[in-house]
1. Quick check on the range B:181-193: of everything there that is touching a Phe, Trp or Tyr at 6+ places or on another chain (Cβ under 9 Å) and closer than 16 Å to B:ALA153 by Cβ, which residue is surrounded by the most Cβ atoms within 10 Å (Cβ to Cβ)?
2. For the range B:138-152, name all the residues that are more than 7 Å from chain A (Cβ to nearest Cβ) and not in a helix (DSSP H, G or I).
3. Being within 18 Å of the chain's Cα centre (by Cα) and among the small types (Gly, Ala, Ser) is the filter here; which residues of the range A:58-95 pass it?
4. Which of the residues belonging to the range A:30-62 are at the interface with chain B (Cβ under 9 Å from one of its Cβ atoms), in contact with a Leu (Cβ under 9 Å, 6 or more places away or on another chain) and in a helix (DSSP H, G or I)?
5. Quick one: count up the residues across the range B:159-183 that are touching a strand residue (DSSP E or B) at 6+ places or on another chain (Cβ under 8 Å) and either within 15 Å of B:ILE262 (Cβ to Cβ) or within 13 Å of chain A (Cβ to nearest Cβ) (or both).
6. When the residues of the range B:199-247 are filtered to those that are assigned to a loop (DSSP other than H, G, I, E, B) and hydroxyl-bearing (Ser, Thr, Tyr), which remaining residue is farthest from the chain's Cα centre (by Cα)?
7. Going through the range A:299-322 one residue at a time, which ones are surrounded by fewer than 20 Cβ atoms within 10 Å (Cβ to Cβ) and over 29 Å from A:GLY253 (Cβ atoms)?
Amino acid sequence: MSPKMMYGVSLKGFRSALADSLLAMGERYPNMVVVDAETGTATNVLDFRDAYPDRYVTMGIAEQAALSFAFALSRSGLIPVVPLFSCFLSHRACDQLYVQIGYANANVKLIGCYTGISSPNTGATHQCMNDIAIIRSTPNIRVVECADPSELQQAIEQAMAYVGPVYIRMIRGDIPKYDKPVLPEGHKFALDRSSVLREGSDISLIASGMMVPRALEAAEILSQEGISAEVVNMTAIKPVDAETLVATAKKTGHVVTCENHNIFGGVGSAVAECLCEKCPVPMRLVGVRDQYGWSGDLEDLVKMFGLTTDEILRNARELLGR
Amino acid sequence: MEAERPVYHNTSTLPVISHYHTPMTDEDLRAFALQLRRDIIEITYYSGTQSSHVGGELSSAEILAILYGCFLNLHPQEPEWPQRDIFVMSKGHCSAVLYAAMAWRGFFGREMLWNEFNRAGGILQEHCSPCLPGVEAPTGSLGMGLSDGAGYAWAAKHAGQMDRRMYVLLGDGECTEGQTWEGAALCAQLKLDNLIALVDYNKYIISSTTAQVMDLEPFEDRWRAYRWHTQRVDGHDVAALCHAIELAKDPATAPGQPRVIICDTKKGAGISFMEQDAVHWHAGHLNSESYQRCMKELGL
C-alpha cells in the first residue's frame, strides 16, 4: 500500500507515527479525547476522528478555547490530547497554557507539531522557534522531544500513562537523508531520561529532535579525525536528566548542544543551566540564532539557519582548539 | 501524619445572619445576599492587602446567593463528587464573594475568610486558584470561563449525565475578550443546552463605563446571533433570577441551545458611595473608617 498523501506530500514518518499512536492509545484508553483546532488535516489526526468520532472535538481555529476546553475535560475524568501546530499552541494560547494547564497541573497531553524550521512551506508565522523556551518556563509541564517516529510513539504511550501535563515536541519531517529511523532497535524511551547513543571521551554532542541524526553523523566524521565524540539524545528537556548530562560533561569536559530552536531558552540553555551549577565545562550552542523562520526548500533552510552537521563540526573543532 | 493547623489571628465579631438550608424562600435569599455583602467587606478589610475587586464582588452577590443557595447540587465534603453541578467564576477577580458562598455551603470554615485572603501562604488567592477544592477553574486572566464551561458540559453529555448543569459567571468587561466569543461559538456548535452563562452586567469595565470603552450593545442580539437562548433580568431581584434559572435549566426550553441570562446589576451594589463612584471602587482598599461606613449601610 502506498503511503497516505496530503497536498502531494507523503505523510510517512513522524506524522504517520502520530496517527498510529493516537489510534492505539484511543483503543487502550476509552477516556482519551482528541481536541483539535483545525490543524488535524496537516498533523494527520483525522484517522482518530474517523475511528472515534465521539471522542474527537474540533474548536474551529480557536486554540485558546482548545486549551481551556481540554483543561475542563481533564477535570472530568477524561484524558485530552491536544495536537496543534506548536506556534499556535505556545504563542496564541500561551496564557491558557500558563493558567489552565500549568498552574492547574492539568492532565493534558500537548503535542507540538511543525516545530523549528521543519515545515518549509510556511515561514515565520508557523515555524516555531521558541516553544521550548515558553513551555519550559511554565511550572509543572514536562517537555520532551523525540529523535525519530518510533521514539515519538513511545513518548505518547508514556505521556498517556503519566498523570500530569506533558508537552511532546515533534517535527513535520526532515530532508530525505535524515527522515528515517535513527535510533537503534530496542531503544527505550523514558519521560525523565535522556540517552547516550554513542560513547565518546573527548567531547559531548547533546542534541534533540532532528539534530540527533546530524550529531551522530558529526561524531562519525570526528572519529576519523581522531576525536572521540559522545552523542546524547536529549529527550528530557524538562525536567532535564541531570545525571546523564553531568556524567557526559564530567567524562568529556566539552559540550556542544544542537537544537532546532532558538538558542535563547531552548535545549542549550537547559543544558547550560544544569551544568553551570553541577559541572561547568566549556560549551558551544548550535541552533537558531535569535531569528524568525523563512519559507523555502528545507534543504536550503537547514543551511540558512545553521542546523547542519557542518555547523556542529565547526563548533566542536573550535571548542577543542583543532 | 496530621497536617499542621494554621494559627488564625483575625476573627469576625459580626453576627452570622444566614445559614445553609433548603429550600430557601426569597426572604432567605435576600438575607444570604446581605450576608455575602457583609462577608465581602470583611474579607476585603481583613485581607493581607486590605483590598479586593470589591465593586464587581458586590454586584454579583444575589447571583451567587441564588446559585449556592438554590441551584448548585454539590457535596462540600466531597468536592470532586462526579455528579456535582459546576460553577465557573469566569470573572475570576471576584473571588471573595465565591469564597464566602463556599464557606457558607461548608467547603471550609468561615475563619479562613478573615485569615487566608491575600496573605503569603494563604490559600484564598485574589484570583480564583485551582489549589482550593471546590474552585472549578483557575481564572482571573479573563475570558477563559466559557471555554471551561464548554469542556465540563461536553464531558457531562459524553458521560450521559443529563441531570448535571454547568454555570459560568461572566463579567461584562470580559465580554470584550476574544476568547469569550470563541467559547460562545463553541457552546452553540456543540449544542450544550446543559450550560447556563450568567453575565453580571454592571455596566463598568475598569477605566470607565463599558459603553464608553467598548460598547456591548445590542448585547442580547449578540448572544442570539451566536444561537444562544437569551434572557435578561434584574440581577438584584432574587425572584426574577430564580425564575430565569428555572427556565434555563429546563431541557424543554430551546433544546440544543446554550443559555445565557444577562443580569442587569450595579457595580458596588449595596454600598452607596461605591455605587456613586464605581470606577474608583473597581478594586479598592478599605480603612477602618470606610469599613465602618460600609457596615453601617449593610445594617450594622
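The values are calculated or read from the model by the stated rules, or taken from the named source; none is laboratory data. Owing to the predicted nature of the structure, the values given are computational and were not obtained by experimental measurement. All Cβ positions, glycine included, derive from the backbone under ideal geometry; neighbour counts span all protein chains shown.
1. Taking the range B:181-193 first, the residues touching a Phe, Trp or Tyr at 6+ places or on another chain (Cβ under 9 Å) are B:181, B:183-188, B:190, B:192.
Now drop any that are not closer than 16 Å to B:ALA153 by Cβ, which leaves B:183-188, B:190, B:192.
Working: B:GLY183: 33, B:ALA184: 25, B:ALA185: 18, B:LEU186: 29, B:CYS187: 30, B:ALA188: 19, B:LEU190: 19, B:LEU192: 24.
If we take residues in the range B:181-193 being touching a Phe, Trp or Tyr at 6+ places or on another chain (Cβ under 9 Å) and closer than 16 Å to B:ALA153 by Cβ, then B:GLY183 is surrounded by the most Cβ atoms within 10 Å (Cβ to Cβ).
2. B:THR139, B:GLY140, B:LEU142, B:GLY143
3. Here is the first cut: in the range A:58-95, the ones within 18 Å of the chain's Cα centre (by Cα) are A:81-91, A:94.
Once the filter is applied, which keeps residues that are within 18 Å of the chain's Cα centre (by Cα) and among the small types (Gly, Ala, Ser), the range A:58-95 yields A:SER86, A:SER90.
4. Across the range A:30-62, the qualifying residue is only A:ARG55.
5. Total satisfying the criteria: 11.
6. B:TYR226
7. Quick first cut of the range A:299-322, residues surrounded by fewer than 20 Cβ atoms within 10 Å (Cβ to Cβ) only: A:299-300, A:303-304, A:306, A:308, A:310, A:314, A:317-322.
Once the filter is applied, which keeps residues that are surrounded by fewer than 20 Cβ atoms within 10 Å (Cβ to Cβ) and over 29 Å from A:GLY253 (Cβ atoms), the range A:299-322 yields A:GLU299, A:ASP300, A:LYS303, A:MET304.
Residue-wise test of (1) polar (S, T, N, Q); (2) touching a residue at least 40 places away in the same chain (Cβ under 8 Å); (3) within 9 Å of chain B (Cβ to nearest Cβ); (4) part of a helix (DSSP H, G or I).
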position	(1), (2), (3), (4)
A:PHE69	no, no, yes, yes
A:PRO83	no, yes, no, no
A:SER90	yes, yes, no, yes
A:VAL99	no, no, yes, yes
A:ALA104	no, no, yes, no
